[in-house]
């Protein structure tokens, strides 16, 4: 009888070196957490926001001046909904947060006609500011400056001419623009009034 040689090979799987916790820290062996269960959930922004102005304002008190920050924000969804708000706080981010909350409580809606413009020309007034808004044909773009442009872009208007007369203070310009946009009537509304 011939001797049979049986060769037994053993595969040895290489073990990865065990990861040790840094000195002084205990782990449960599962590794780092993937997410924080208690963290607030992030919501998708339904409105685009734009900071129009940030001013440093002061109040003179017995011990000197008390400095704070004032923020003016315009928000909109580009589909005819827009709003504006102001906020004041000791730090800029807090002022912006307050202004954003105020803007969400101060929303307006306008009807945008075909071509992404307004139905007719109008003059909006607030205090010493007057803003003239005139419809424009497609491809013109937004001919406006500063705060008026922010309101028109975020409201979703694509083609319009505008001109500011009188006071050019940002808040006055925004309020005059809003008053002008709110006073616009669509063709259907005018027909209903005439009947």
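Where a number appears in this text, it was derived from the coordinates with a stated rule and is not lab data. Note that the structure is predicted; figures quoted are calculated from it, not measured. No Cβ is skipped: glycine too gets one built from the backbone with ideal geometry, and neighbour counts run over all protein chains shown.
Of note:
- Matching residues in the range 180-195 - criterion: being closer than 18 Å to residue 79 by Cα and assigned to a helix (DSSP H, G or I): 180, 181, 182
- Residue count for the range 114-123, restricted to those that are under 24 Å from the mean Cα position of the chain (by Cα) and assigned to a strand (DSSP E or B): 1.
- Pick from the range 131-152, criterion surrounded by 19 or more Cβ atoms within 10 Å (Cβ to Cβ) and in contact (Cβ under 8 Å) with a residue 40 or more places away in the chain, ranking: nearest to residue 118 (Cα to Cα): 133
- Qualifying residue in the range 97-107 (condition: part of a strand (DSSP E or B) and under 14 Å from the mean Cα position of the chain (by Cα)): yes
- Check on residue 74, in contact with a strand residue (DSSP E or B) (Cβ under 6 Å, 6 or more places away or on another chain), assigned to a helix (DSSP H, G or I), under 21 Å from residue 172 (Cβ atoms) and touching a residue at least 60 places away in the same chain (Cβ under 8 Å): no
- Checking residue 46 against (1) over 24 Å from residue 150 (Cα atoms); (2) surrounded by fewer than 15 Cβ atoms within 10 Å (Cβ to Cβ), the condition it does not meet: (1)
- Number of the exception - residue 127 against (1) within 14 Å of residue 178 (Cα to Cα); (2) surrounded by 14 or more Cβ atoms within 10 Å (Cβ to Cβ); (3) touching a helix residue (DSSP H, G or I) at 6+ places or on another chain (Cβ under 7 Å): (2)
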